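The values are calculated or read from the model by the stated rules, or taken from the named source; none is laboratory data. Please read all numbers here as calculations on a predicted model, not as lab measurements. Cβ placement follows ideal geometry from the backbone for every residue including glycine, while neighbour counts extend to all protein chains displayed. What goes into the accessible areas is simple: the full protein's heavy atoms, side chains included, and nothing from ligands, DNA or RNA. Shrake-Rupley method; radii C 1.70, N 1.55, O 1.52, S 1.80 Å.
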Amino acid sequence: MPLVLLDGSTVRDFVKDEQAFQEAMKSCFQEMDLNEDGSLSRAELRTAFERMSLLECSLGFPISQTPAQLNALYDPVFEKFDTDHSGNVDFNEFCTQMSEILLAIVDALGSSPTTLEWMICVIWEGGIKDEDHANEKDNKNQNSK
């Protein structure tokens, strides 16, 4: 991947471009929607975040935590995404929260440039589109036939 530098205004413009933003989020959403029902369950959202290891790490190093401690980390994240409290996250809820997350990252970075590679890692490339996930989804599709 070529090195691409982003600054806050570039990311803000991307989030404001509803069509481009929704196309990018649609791809992420579909990758997370393992059963392809058009919504994300608590388990699907947790699986995606676990693959990114954002909540279980401190400064990039894994932290050993009990299942109860992990639930305490992930449950509030799911509740934040599930704004209508339906028990699932639909595409609109997902887009709203991802927009807020991206804009919060931009606010934290200020005017400092960052690389596209870093933004992708923060948001999704932490394993969600890896070979294991593709195989997992393919196996699930073959088993349902």
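Every residue in segment 31-48 that is open to solvent by less than 60 Å² (accessible area, probe 1.4 Å) and either modelled with pLDDT under 80 or polar (S, T, N, Q) (or both), please.
Answer for segment 31-48, where residues must be open to solvent by less than 60 Å² (accessible area, probe 1.4 Å) and either modelled with pLDDT under 80 or polar (S, T, N, Q) (or both): S39, S41, T47.
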*Complete set of residues in segment 72-106 that are in contact with a Phe, Trp or Tyr (Cβ under 6 Å, 6 or more places away or on another chain) and open to solvent by 40 Å² or more (accessible area, probe 1.4 Å)*: F91
